[in-house]
Amino acid sequence: MRNVMVDLETVGMRPGCGILSIGAVFFDNKGVGQEFYQVVNMKSCSKKLGFHADQSTLDWWKNQSSEAKKAFEQSEAGEGIDITDGLTQFNAFLRTGTESPKVWGNGADFDNAILAVAYALTGVKVGWKPYDGRCYRTLKGFLPANKLQRTGTFHNALDDAKSQAAHAITLLNALAIKV
């Protein structure tokens, strides 16, 4: 498998925001494969490194389900992994499936863009080639009547990545696109 659906939970809506958790899953036209999940220590996404947090997003987290808030609360409490180590481990995960992963994010301006800035701020090399980023939101736009069926906890990075990957598989197969 060489396609990876990634989902981030963050403290902002634009590149450069702090990351709370990273969830990802390998997939192809037949199904999903190996999974990755890591809570990131919010303190490691510091202003000193250049990360930011948006108050509106911090307020939004307070209104989410108790299950969804677990990663936020763990990250805020200083639990989780340092962002630099998290990105390094994510890169190692990407290499377990292929030398050239295709990384899918929900929006050309969200997951992949936020990760790219996080890599730059931490000095960790991006784990995929610049031309191997993919946009799940664009794929959804080709068949808007085919709706995402969520499983697990909404706003848990791994559960969202798995739901999005399953939906992407359905869409790709309906469009007869082999990945």
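Miscellaneous remarks
- Of every Cα-Cα pair in the stretch 129-179, the percent that sits beyond 19 Å: 31
- Separation between Cα centres of the stretch 1-29 and the stretch 126-178, rounded to whole Å: 11
- For the stretch 87-179, the relative contact order comes to 24 percent (Cα pairs under 8 Å, sequence separation of at least 6).
- Restricting the calculation to Cα atoms, every distinct pair contributes to the Kirkwood radius of the stretch 1-107, found to be 14.5 Å.
- Sorted largest first, the principal axis extents computed over the alpha-carbon atoms of the chain equal 46, 35, 24 Å.
- A Förster radius of 22 Å combined with the Cβ-Cβ distance from Ala174 to Arg150 puts the calculated FRET efficiency at roughly 0.70.
- Å³ per residue enclosed by the Cα convex hull of the stretch 35-98: 103
- Summary value for the stretch 1-102: 31 percent relative contact order, contacts being C-alpha pairs under 8 angstrom separated by 6+ residues.
- Relative contact order [Cα under 8 Å, 6+ residues apart], the chain, whole percent: 30
- Here the stretch 49-145 is described by how far its Cα atoms reach on the three principal axes: 39, 36, 24 Å, from widest to narrowest.
- Working note: 222 nm ellipticity from helices only, DSSP H runs with n ≥ 4, each -39,500 (n - 2.57), summed and divided by the residues of the chain, gives -11500 deg cm²/dmol to the nearest 500.
- Share antiparallel - DSSP beta bridges, the chain, percent rounded to 5: 65
Taken together, the values in this text are just the output of simple stated rules run on the coordinates, not laboratory data. Remember, it's a predicted structure, so these values are computed and weren't measured experimentally. Reconstructed Cβ throughout: ideal geometry from the backbone, glycine too, with neighbour counts over all protein chains shown.
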